[in-house]
1. Which of the residues that make up the range 59-100 are outside any helix (DSSP H, G or I) and of a type outside the set (Gly, Ala, Ser)?
2. crowded, with 19+ Cβ neighbours inside 10 Å, out of contact with any Phe, Trp or Tyr (no Cβ under 6 Å at 6 or more places or on another chain) and assigned to a helix (DSSP H, G or I) - does that describe any residue in the range 138-145?
3. Taking the conditions exactly as written (charged (D, E, K, R) and in contact with a Ser or Thr (Cβ under 8 Å, 6 or more places away or on another chain)), does Arg120 satisfy them or not?
4. Does the range 47-69 contain any residue that is over 17 Å from Lys143 (Cβ atoms) and over 19 Å from the mean Cα position of the chain (by Cα)?
5. Being hydrophobic (A, V, I, L, M, F, W, C) and not in a helix (DSSP H, G or I) narrows it down to one of Val105, Val132, so name that one.
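FYI, it's all coordinate maths here, none of it is from the lab. Everything numeric here is computed off the predicted structure, so don't read it as measured data. Here Cβ is always computed from backbone atoms with ideal geometry, including for glycine, and neighbour counts include all displayed protein chains.
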Amino acid sequence: MAEAALRPMGELPWGESSAARDRDDRTTTAHAFAGTAAAPEAGIAGRLAQLLSVVRSDRKRRFPGALGSESCWVVLLQLYAAHVYQHRVHIQALTERTGVPGTTVLRALDTLSAAGFVTRSDDRFDRRRVFVEITEAGASAMKECLLNSGSRAALF
């Protein structure tokens, strides 16, 4: 994330500076991401934490239940990246890239497949290998989630 794209901490969407006033304007409540003057690298780290929090919140909303699990999310991220860069990914490579145990990846793929977000296809040259791809519905959902999260995070 470029430092120029970051807004000063005073421009928080939830209130004035580092606090939001209650309706009666007599008390002030500090919010979790509000901060005082900090080193520039701490500000960048704080902004990244804000962005990740927004993405996580959007993920839970757009991918309810088991679809929003951590294992499904890391699988979707890898498959979406592969889709964007037009790479084919087989299950073993997906397991290695996500750092998730193979059985967990298979369960996540079953969940995502049932939702219509991924498809599997056999490798015609090696019958032991299965390729996995994100579907257009899955790619669209991921794109919408990530772009919406990014635009919401820009408000910070």
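1. First pass over the range 59-100, keeping only residues outside any helix (DSSP H, G or I): 63-64, 69, 85-90, 99-100.
Selection gives Phe63, Pro64, Tyr85, Gln86, His87, Arg88, Val89, His90, Val100.
2. In the first step, residues of the range 138-145 are kept if they are crowded, with 19+ Cβ neighbours inside 10 Å; the result is 138, 141-142, 145.
Applying the additional criterion that residues be out of contact with any Phe, Trp or Tyr (no Cβ under 6 Å at 6 or more places or on another chain) yields 141, 145.
Next cut, assigned to a helix (DSSP H, G or I) only: 141, 145.
For the range 138-145, residues crowded, with 19+ Cβ neighbours inside 10 Å, out of contact with any Phe, Trp or Tyr (no Cβ under 6 Å at 6 or more places or on another chain) and assigned to a helix (DSSP H, G or I): present.
3. Working: charged (D, E, K, R): yes; in contact with a Ser or Thr (Cβ under 8 Å, 6 or more places away or on another chain): yes.
Answer is yes for this residue.
4. no
5. On the way: Val105 fails: not in a helix (DSSP H, G or I).
Within the list Val105, Val132, the selection yields Val132.
Conditions (1) in contact with a helix residue (DSSP H, G or I) (Cβ under 8 Å, 6 or more places away or on another chain); (2) surrounded by fewer than 19 Cβ atoms within 10 Å (Cβ to Cβ); (3) of a type outside the set (Val, Ile, Thr), marked per residue:
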site	(1), (2), (3)
Asp58	yes, no, yes
Phe63	yes, no, yes
Ala66	yes, yes, yes
Leu77	yes, yes, yes
Ala108	yes, no, yes
Ala115	yes, yes, yes
Asp123	no, yes, yes
